[in-house]
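Q: The structure under discussion is supplied below as structure tokens; questions concerning it will follow.
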Amino acid sequence: MFFNTDLVLNTYVLYTFFMKAERSGIILYACPIFEKDKRIELFTKDFGKLSCIAKYAQSRRSCLVLDPGCYIAAQCYIGKSCGIFQADLKEGFAYTRQHFNTISMSLYLLNLIRFSTDYEQENPALFDLLFNCLSLINSGHCIGEIKLFFEKEFLKIEGLSNEDAFHTAFEDYTGSKVPQLLLI
């Protein structure tokens with residue numbers, strides 16, 4: 001009888017290096033990849049931003065809700081990459097999807113977080129700020145006030161609210177002084 005040891009070994013290696021884990025987070029970005037899969041950027045409180053592949057998320061039989069702005073609890077295989085095989089919706093922020101202004105503000109907040117954080121950079125304060133602001137938008141609070149609040153708190157969390165602290169960080173990072181704006 002023929003027995004393929006390579007197949008058994010590869011299967012063993014696959015299940016040895018990947019572990020199951022639950023990751024709860026807010027979806028920052030989702031895009032289709034291949035025919036039935038989606039690439040997800042998930043912002044978690046404990047692990048920061050993760051890039052995940054959700055297999056069969058676009059198939060007709062899929063019941064995964066993986067849209068930007070959703071707060072989910074995802075069952076994942078974690079290894080060199082993250083693969084989502086099940087996701088439960090914790091909060092969909094339904095009101096934010098009903099009006100153009102609330103959609104725009106939600107996407108603005110998600111994109112600020114997406115482009116300002118590195119992968120696997122833990123930042124619980126930033127996660128809490130994003131979740132709280134999405135909840136405020138969802139409850140119908142004034143969008144202008146939420147935007148100002150988010151931007152101020154974001155700068156505080158990132159350590160850029162104090163001008164002297166910003167100048168020091170800039171000089172340490174670049175080795176030169178902050179360019180001055182000359183007005184005529």
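Q: Set the Förster distance to 45 Å, then compute FRET efficiency between LYS20 and TYR95 from the Cβ-Cβ distance, nearest 0.05. Before the final figure, lay out each step's value.
A: On the way: r = 34 Å, r/R0 = 0.75.
Once rounded, the FRET efficiency stands at 0.85.
Q: For segment 94-172, what does the convex hull of the Cα positions come to per residue, in cubic angstrom?
A: Values: hull volume 7.8 nm³, N = 79.
Convex hull volume per residue, Cα atoms: 99 Å³.
Q: Longer than 28 Å from Cα to Cα, which of LYS156/LYS177; LYS20/LYS156; LYS49/LYS90; LYS20/LYS90 are they? Say none if no pair is. If you can, show how the numbers build up before the last one.
A: Values: LYS156/LYS177 22 Å; LYS20/LYS156 35 Å; LYS49/LYS90 18 Å; LYS20/LYS90 19 Å.
LYS20/LYS156, as the Cα separations exceed 28 Å there.
Q: Moving on to the next point. Please state, as a whole number in µm²/s, the translational diffusion coefficient that the Stokes-Einstein equation yields for segment 125-168 at 4 °C and 1.567 mPa s, with Rh defined as the Kirkwood radius across alpha carbon pairs.
A: Using the Kirkwood radius from Cα pairs, D works out to 116 µm²/s.
Q: What is the packing order of peptides 21-30, 136-145, 102-111, taking the mean over residues of other C-beta atoms within 10 Å and listing the highest first?
A: On the way: 21-30: 19.3, 136-145: 14.3, 102-111: 17.6.
Packing order, densest peptide first, comes out as 21-30, 102-111, 136-145.
Q: In what sequence do ASP37, ASP118 fall when counting other Cβ within 10 Å, fewest first? Please list the in-between numbers first.
A: On the way: ASP37 18, ASP118 8.
Fewest-to-most Cβ neighbours within 10 Å comes out as ASP118, ASP37.
Q: Related question: For a protection proxy built on the mean count of beta-carbon atoms within 10 angstrom, sort 121-131, 87-97, 40-50, 67-77 highest first, please.
A: On the way: 121-131: 17.3, 87-97: 15.2, 40-50: 20.8, 67-77: 19.3.
Averaged packing, sorted descending, gives the order 40-50, 67-77, 121-131, 87-97.
Bear in mind that the values in this text are calculations on the coordinates, not laboratory data. Bear in mind that the values here come from a model prediction, so they are computed numbers and not experimental data. Cβ sites come from the backbone with ideal geometry, for glycine too, and all protein chains shown count toward neighbours.
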